[in-house]
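**Student:** One structure, pasted below without further comment.
The values are calculated or read from the model by the stated rules, or taken from the named source; none is laboratory data. Source: prediction; values computed, not measured. Heads up, the Cβs are rebuilt from the backbone with ideal geometry, glycines too, and the neighbour counts pull from every protein chain shown. Protein only, heavy atoms only, side chains kept; ligands, DNA and RNA dropped before computing areas. Shrake-Rupley method; radii C 1.70, N 1.55, O 1.52, S 1.80 Å.
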Amino acid sequence: MKDEKKRVHVLTHTHWDREWYLPFEFFRERLVKLIDDLLQIMAKDPGYRFSLDGQTIVLEDYEEVGKNLEDLLSLIRKGRIQVGPWYVLPDEFLISGESWIRNYLYSESLSRRYRIPLMKVAYLPDMFGHNAYMPTILKGLGMKWAVMWRGVGDSNVPTFIWRSPHGDEVKVYHLINGYGNAAHFGRGREYLKRRLIEEAENLSRSHGENDILLMNGTDHEFPVSYITELLKEISDGKFEFMQSDLENYVSSLAEPEKIFEGELRCPRKEPILKDVTSTRISGKQMHFEAELLYRHYVEPLAALVKFKGMETISDEIWYGWKLILQSQPHDSICGCVTDEVYESVIDRFRRAINHGKMLCSKYMTMLAGNPISDFGLLVFNPLERARKDVVEAVVYLPEGEWKIEGAEKSYLEPLNELSSSKEALTHKFLVEPFVNGVLSEDLKPYRCLFFAELPALSFKTFRIVPGNHGSDDPEKRSFAELKNNGSLRIKWKGKTYDNFCHLKDVDDGGDEYNYSPVCEEVHTSLSIEADVKEVVSTSWIERKRADFVLRLPESLSADRRRRSSNLVDIPVTVEYTFHRATPHVDVKIELENRARDHRLTVVFPVNDVKKIFTDGYFGLVEHEIKEYREDYKDWFEKPANTFAMLSIVTVPEESFTIVTRGLHEVHVTEEGIELTLLRCVEWLSRDDLKTRKEHAGPMIFTPGAQELGKHTFKFSIVFHEKWSVEEVYRAMREVLVTPMVYQGYFDVSEIRSPFTIKRGFMSAMKPSEDGKGVILRVFEPGGGTPEVSFTCKKREVNMAEKDLNENEEVKSVRTWKLESGVLEFD
């Protein structure tokens, strides 16, 4: 029989942002004090319990400078303090699903090192909305319950089943009033007493027969010593208050009845701060490149080394991944931080990228040996399928005429740039006995383009030999032409798309969290006369550039009610690479931003768009385009047809896809599809926005968020003969996962992989965490079952690399552990 008193579980906790409006070291000193004070409280009160925000990075941070680590770990082992399951609490829309898995795996490695348990509930308290495929990740990691706040949009639903687009499910407890609904806010015992009772009364109306959860803590809040005594004091009424934890709480809940599907990003009752996807875009671009480097190059090359029977050092890969993971918490990766903190984020990304490049060079030399001469190219294809593709690199050769032997077609021309890329020479820094031998002053940079067939997940060698690449008259005109204003006219399947890729600029009076229009004064590049030049023209690609100046208002006016009448020149270069054999254009936009308080987008005019798809972790997410004509004054944040993406926005009705490198925000407007390039503001938070109620953080001046200076943006436009999810992903991977090139002639044979992917795409290939094999993960973005054939021993595991049970099976994502030492060479 149910007790007459309603049970109220009180989770005493702190929400820990490592860096935000102050740098990491400031917050860490507060963390040390918090933990030391907590240990004293717990020594005096044996019933006291505490949660360290679902993260394990706080243990590393404390270990470096704290003095009572063993006392802390002892309390975690006894279950009085809970940590994990995550290493950090990241944003969900700016990272890949594989980053989530690495996040969990590293947290598990810490749990082994510290000999502590991890919480088994997926704690997601303050993410700015939730990715549609998060249930897939959680199920694949063996978690049954999640606890979350933002984006649900319904104040009357405390529990529900959350279902991904592919049908994976997880049970959710919804923090209706946030993760600080019973915080003390430093206001004393009587305030906290009233708060606990009032919030219990409030939530009792929506929780039915379920117990209630109160969150006794908030951002960086110290615990109070008297909480257990206070809970006993107020338990003589209709409620029984008790200190608890999330595992105990969710075990008390009845099976949820309601079902929510897909992305949770509704701003009705709390802000989801949707425009953080375009704040400080330069950092997001660096993060994208770092993640891409480790997922598709570093780890696969390390796995090939394992397959060959040689050992890799897991710590050297984790060193780079940790730098990435430490920059993925929402404040850090979203760019809603001070300028000083942002510099730290950029530094971590830069170090991760440089470290990753050298790891690739190291693994490449382990697999291929040292080069025999400089007159050749070693090309690694990281895709799971063979490809015929354009390979591009900068190589260093004596002056003369050169061609690529072994390629179907090639094109080499000297470059004048003194700062030309040295990417193809990084391996020489590892193998040359004297560093001055890495690059001779007698060698000159050459742009090298060639068209070749490349085997799947393998190397192929080519010789560089003297000779003229010959005449190469265009065989086929591109489906797109460059107009005088620097945009494109595209003809496809009887339709003409005019002014594709023109620029549009509007005012932005918002902050680092949200865009907010001021006067909606629009400037575009449509009437500009560009200087159009040909860069490269062959029978297989054509490259042209358009140079022009975009004149924009200098900033907002002093009263922030209009745009300045002073105009500044924004020099812009748009470079298009047209692929003659396929309906595919690569676009590179270079500009120097000299304007403030504005949002710059690139526009793809399409009429009457009804829906678009963007990409989530393991598949597409459908977005219906809505007409937002109501007042929405009761909503916390004004809704808009603005959507987050990892790399893809695709329009099935028009059969085209845009694939981006680190651009994560797309809008559907009257003009068509708009991709955000820059959003330039100078306040961490403001309270006078038209698009959001109240502050989202402290009002701190952040001039660095204006993103002044030089920028480069890259994306590709692909039109499909027949649109399908598989074709969209195939195009995306061919655009993003490009061949890696090393200069030198290597005596290496083609690698024969011990598996063949027949259906689906490779999500991960990496050394296993136990060092005894290789992990292969394959996903089928349409929701089907991946199919792989093997020539080696293997067993299926879950995403945490443990034995798979039926409750963890994910239909569209499968993971195997393969034996090492099975690599064959032709």
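**Student:** If I filter the range 353-374 for residues that are part of a helix (DSSP H, G or I), of a type in the set (Asp, Glu) and open to solvent by 30 Å² or more (accessible area, probe 1.4 Å), do I get at least one hit?
**Tutor:** Taking every residue of the range 353-374 in turn, none turns out to be part of a helix (DSSP H, G or I), of a type in the set (Asp, Glu) and open to solvent by 30 Å² or more (accessible area, probe 1.4 Å).
**Student:** Taking the range 253-266 on its own, how many of its residues are open to solvent by 40 Å² or more (accessible area, probe 1.4 Å) and either assigned to a loop (DSSP other than H, G, I, E, B) or on the phi > 0 side of the Ramachandran plot (or both)?
**Tutor:** The qualifying residues number 5.
**Student:** Further question: Any chance the range 4-13 includes a residue that's surrounded by 16 or more Cβ atoms within 10 Å (Cβ to Cβ), closer than 27 Å to Ile346 by Cα and modelled with pLDDT of 95 or more?
**Tutor:** No, the range 4-13 contains no residue that is surrounded by 16 or more Cβ atoms within 10 Å (Cβ to Cβ), closer than 27 Å to Ile346 by Cα and modelled with pLDDT of 95 or more.
Table: residues versus (1) part of a loop (DSSP other than H, G, I, E, B); (2) of a type in the set (Ser, Thr, Tyr); (3) crowded, with 20+ Cβ neighbours inside 10 Å.
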{"position": "Lys460", "(1), (2), (3)": "no, no, yes"}
{"position": "Asp498", "(1), (2), (3)": "no, no, no"}
{"position": "Asp505", "(1), (2), (3)": "no, no, yes"}
{"position": "Gly509", "(1), (2), (3)": "yes, no, yes"}
{"position": "Asn514", "(1), (2), (3)": "yes, no, yes"}
{"position": "Glu521", "(1), (2), (3)": "yes, no, no"}
{"position": "Leu550", "(1), (2), (3)": "no, no, yes"}
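**Student:** Please state which one of Ala581, Ala546 is touching a residue at least 12 places away in the same chain (Cβ under 8 Å), small (Gly, Ala, Ser) and in a strand (DSSP E or B). Quick ask: steps written out before the conclusion?
**Tutor:** On the way: Ala581 fails: in a strand (DSSP E or B).
Matching residue, one of Ala581, Ala546: Ala546.
**Student:** So which of Phe746, Phe790, Phe755, Phe719 is closer than 30 Å to Glu665 by Cα and aromatic (Phe, Trp, Tyr)?
**Tutor:** Phe719
**Student:** Answer with yes or no whether Val157 is of a type in the set (A, V, I, L, M) and surrounded by 20 or more Cβ atoms within 10 Å (Cβ to Cβ).
**Tutor:** Details: of a type in the set (A, V, I, L, M): yes; surrounded by 20 or more Cβ atoms within 10 Å (Cβ to Cβ): no.
No, not satisfied.
**Student:** A further question follows. Hey, could you check the range 577-604 for residues that are over 24 Å from the mean Cα position of the chain (by Cα) and among the polar types (S, T, N, Q) and say which is surrounded by the fewest Cβ atoms within 10 Å (Cβ to Cβ)?
**Tutor:** Step by step, filter the range 577-604, then rank; the result is Thr582.
**Student:** Which condition from (1) within 24 Å of Val298 (Cβ to Cβ); (2) of a type outside the set (Ser, Thr, Tyr); (3) in contact (Cβ under 8 Å) with a residue 24 or more places away in the chain is the one that Val438 breaks?
**Tutor:** Here Val438 clears every test but (3).
**Student:** Provide a single number: the residues in the range 395-439 that are aliphatic (A, V, I, L, M), open to solvent by 40 Å² or more (accessible area, probe 1.4 Å) and either part of a strand (DSSP E or B) or closer than 20 Å to Met740 by Cβ (or both).
**Tutor:** 3
**Student:** Across the range 799-817, what is the total count of residues that are assigned to a loop (DSSP other than H, G, I, E, B) and either farther than 14 Å from Asp770 by Cβ or open to solvent by 70 Å² or more (accessible area, probe 1.4 Å) (or both)? Explain how you work it out, then say what you get.
**Tutor:** Taking the range 799-817 as the starting set, the residues that turn out to be assigned to a loop (DSSP other than H, G, I, E, B) are 799-802, 804-805, 809-812.
Pick out the ones that are also either farther than 14 Å from Asp770 by Cβ or open to solvent by 70 Å² or more (accessible area, probe 1.4 Å) (or both) and you get 799, 802, 804-805, 809-812.
Of the residues in the range 799-817, 8 are assigned to a loop (DSSP other than H, G, I, E, B) and either farther than 14 Å from Asp770 by Cβ or open to solvent by 70 Å² or more (accessible area, probe 1.4 Å) (or both).
**Student:** Condition check: at pLDDT below 95 and surrounded by fewer than 16 Cβ atoms within 10 Å (Cβ to Cβ). Does Lys238 satisfy that? Break it down into steps so the answer makes sense when it comes.
**Tutor:** Numbers: at pLDDT below 95: yes; surrounded by fewer than 16 Cβ atoms within 10 Å (Cβ to Cβ): yes.
Yes.
**Student:** Quick check on Ser812: is it in contact (Cβ under 8 Å) with a residue 40 or more places away in the chain and in contact with a helix residue (DSSP H, G or I) (Cβ under 6 Å, 6 or more places away or on another chain)?
**Tutor:** It is false that Ser812 is in contact (Cβ under 8 Å) with a residue 40 or more places away in the chain and in contact with a helix residue (DSSP H, G or I) (Cβ under 6 Å, 6 or more places away or on another chain).
**Student:** Report whether or not Ile528 is within 22 Å of Glu671 (Cα to Cα) and in a loop (DSSP other than H, G, I, E, B).
**Tutor:** yes
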